[in-house]
């Protein structure tokens with residue numbers, strides 16, 4: 001990576017400042033978030049004692065806050081602009097926007113089915129959603145359960161990973177018995 005593409009706390013602060021001051025999206029390098037992730041990840045891996053450790057922790061906190069601010073500012077600009085330059089969007093931002101488009105399509109689908117008397121379609125949609133599979137990790141032991149799809153699951157031990165119906169997963173997550181597993185690299 002070239003010296004000019006490296007990120008440090010000062011360059012991150014400067015980028016957030018510029019993004020705040022300009023009403024248009026800044027053109028960032030395509031791998032900006034990945035480079036930023038490397039910077040924060042490397043910072044977290046460093047081990048220090050005493051005052052140096054406190055400085056590192058403060059830098060991590062600052063980088064975290066600035067990163068969150070940058071993403072939120074950029075997404076806010078994108079939501080307000082009708083004709084933004086798609087070339088200025090980073091892949092990670094496109095990923096976020098894609099889910100918003102899916103949400104809009106789903107909203108329109110439900111509204112249309114409701115307004116056009118398609119109750120069987122809505123019933124089918126609800127059942128499919130209840131029984132779609134979700135990966136969870138158990139935080140406590142759980143006896144065998146009967147899923148929303150009427151299949152038996154378990155029993156489970158602490159730290160077990162399982163794929164179960166959405167409705168059952170949500171109930172276990174709400175009781176703090178399990179947590180959803182997110183796919184990460």
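The values are calculated or read from the model by the stated rules, or taken from the named source; none is laboratory data. Treat the numbers as computed from the prediction; the structure is a model and nothing was measured. With ideal geometry, Cβ positions are generated from the backbone for all residues, glycine too; neighbour counts draw on all protein chains shown.
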For residue 134, the lone unmet condition from (1) in a strand (DSSP E or B); (2) out of contact with any helix residue (DSSP H, G or I) (no Cβ under 8 Å at 6 or more places or on another chain) is (2)
Options 69, 183, 97: the member that is assigned to a loop (DSSP other than H, G, I, E, B) and within 24 Å of residue 34 (Cα to Cα)
183
Please enumerate the residues belonging to segment 117-134 that are at pLDDT 90 or above and more than 25 Å from the chain's Cα centre (by Cα).
117, 118, 119, 120, 121, 122, 123, 124
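Residue-wise test of (1) within 15 Å of residue 168 (Cβ to Cβ); (2) touching a strand residue (DSSP E or B) at 6+ places or on another chain (Cβ under 8 Å); (3) surrounded by 10 or more Cβ atoms within 10 Å (Cβ to Cβ).
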site	(1), (2), (3)
76	no, no, yes
89	no, no, yes
109	no, no, yes
120	no, no, no
127	yes, no, yes
132	yes, yes, yes
146	yes, yes, yes
149	yes, yes, yes
Selection within segment 21-32 - within 15 Å of residue 75 (Cβ to Cβ) and in contact with a helix residue (DSSP H, G or I) (Cβ under 6 Å, 6 or more places away or on another chain):
25, 26
Out of all the residues in segment 163-173, is one or more part of a strand (DSSP E or B), in contact with a helix residue (DSSP H, G or I) (Cβ under 6 Å, 6 or more places away or on another chain) and in contact (Cβ under 8 Å) with a residue 12 or more places away in the chain?
yes
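Kindly establish whether residue 107 is over 11 Å from residue 165 (Cβ atoms), assigned to a helix (DSSP H, G or I) and over 24 Å from the mean Cα position of the chain (by Cα).
no
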